[in-house]
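> Next up is a structure, given as structure tokens.
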Amino acid sequence: MEIKNYIWDFDGTLFDTYPVMLDALQQTIAKHGIQYDGYLAYFIKKYSIRKFALDYATPEFINDYHALETKLQTDVKFYPQIPTILADIVNKGGQNFVVSHRDDKTYAYLGELAPLFTEIITGDNHFARKPDPEALTYLLDKYELEPSQTGMVGDRPLDILAGQNAGVKTILFDEAGIFLDNVIKADVLIQTWQTMIDQ
């Protein structure tokens, strides 16, 4: 499978932000007195924090969570192999894009990596949320990307479904081994970014 152009999710894919997100979520759950006995990390990977708020909390919950997560997320780090991967894609004539539900803080978090992306789409662009393919279709059309040479890269089923709905290739980054059964049928499933460098 030859992929030239890559559309990247942000949280848990390019950047290892999930530990702090999970901490903020657990603290917000405690603050709101919510009882949840399930596997929280699995729930937010399979669905989303927004769905957790809709299913188990009050409307104020998501605002409290975002405020706390922003406060705690002070040392945002990309996965070590990511700069090499992104630069290699560009050096081979490809393009990188971001489609994230996170707001425009994404730009600040990307920092020195930002020039390696042709366009960055955040929640503040108000495209329909993944798995709706609206943002991906916009990029395909604007940059005349060939779907068979374009890949959606993410760490959650909704990223893969967005890619499938847009008709592009899909790469599932499953660091924790939550989705190794690959029932969503991603084209590629990897657990470490070093695998992508070694290929």
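The values are calculated or read from the model by the stated rules, or taken from the named source; none is laboratory data. Everything numeric in this text was worked out from a predicted model, so none of it was measured. Cβ sites come from the backbone with ideal geometry, for glycine too, and all protein chains shown count toward neighbours.
> Consider LEU158 carefully, then state whether it is more than 28 Å from VAL20 (Cα to Cα), of a type in the set (A, V, I, L, M), modelled with pLDDT of 95 or more and buried (at least 17 other Cβ atoms within 10 Å of the Cβ).
Numbers: more than 28 Å from VAL20 (Cα to Cα): no; of a type in the set (A, V, I, L, M): yes; modelled with pLDDT of 95 or more: yes; buried (at least 17 other Cβ atoms within 10 Å of the Cβ): yes.
No: the conditions fail for LEU158.
> Pairs only if they're at least six apart or on different chains, beta carbon under 7 angstrom, first in the range 103-119 and under 22 Å from ARG50 (Cβ atoms), second of a type in the set (Phe, Trp, Tyr); list them, first residue then second.
Correct list of pairs: THR106/PHE10; TYR109/PHE15.
> A further question on this structure: Considering only residues that are at pLDDT 95 or above, over 21 Å from THR84 (Cβ atoms) and loosely packed, with under 14 Cβ neighbours inside 10 Å, which ones fall in the range 168-199?
Selection gives LYS185 alone.
Results for (1) under 30 Å from ASP187 (Cβ atoms); (2) assigned to a loop (DSSP other than H, G, I, E, B), shown as yes or no for each residue.
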site	(1), (2)
TYR6	yes, no
LEU22	yes, no
GLN27	no, no
ASP37	no, yes
ILE44	yes, no
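> Search the range 8-20 for residues being hydrophobic (A, V, I, L, M, F, W, C) and part of a loop (DSSP other than H, G, I, E, B), and hand back the single one that is nearest to ALA135 (Cα to Cα). Reasoning before the result, please.
Keep residues of the range 8-20 that are hydrophobic (A, V, I, L, M, F, W, C), which gives 8, 10, 14-15, 20.
Checking the rest, the ones that are also part of a loop (DSSP other than H, G, I, E, B) come to 10, 14.
Working: PHE10: 14, LEU14: 18 Å.
Applying the filter and picking the extreme gives PHE10.
> Go through the range 72-105 residue by residue and tally those that are modelled with pLDDT of 95 or more and closer than 25 Å to GLU134 by Cβ.
Residues meeting the conditions: 9.
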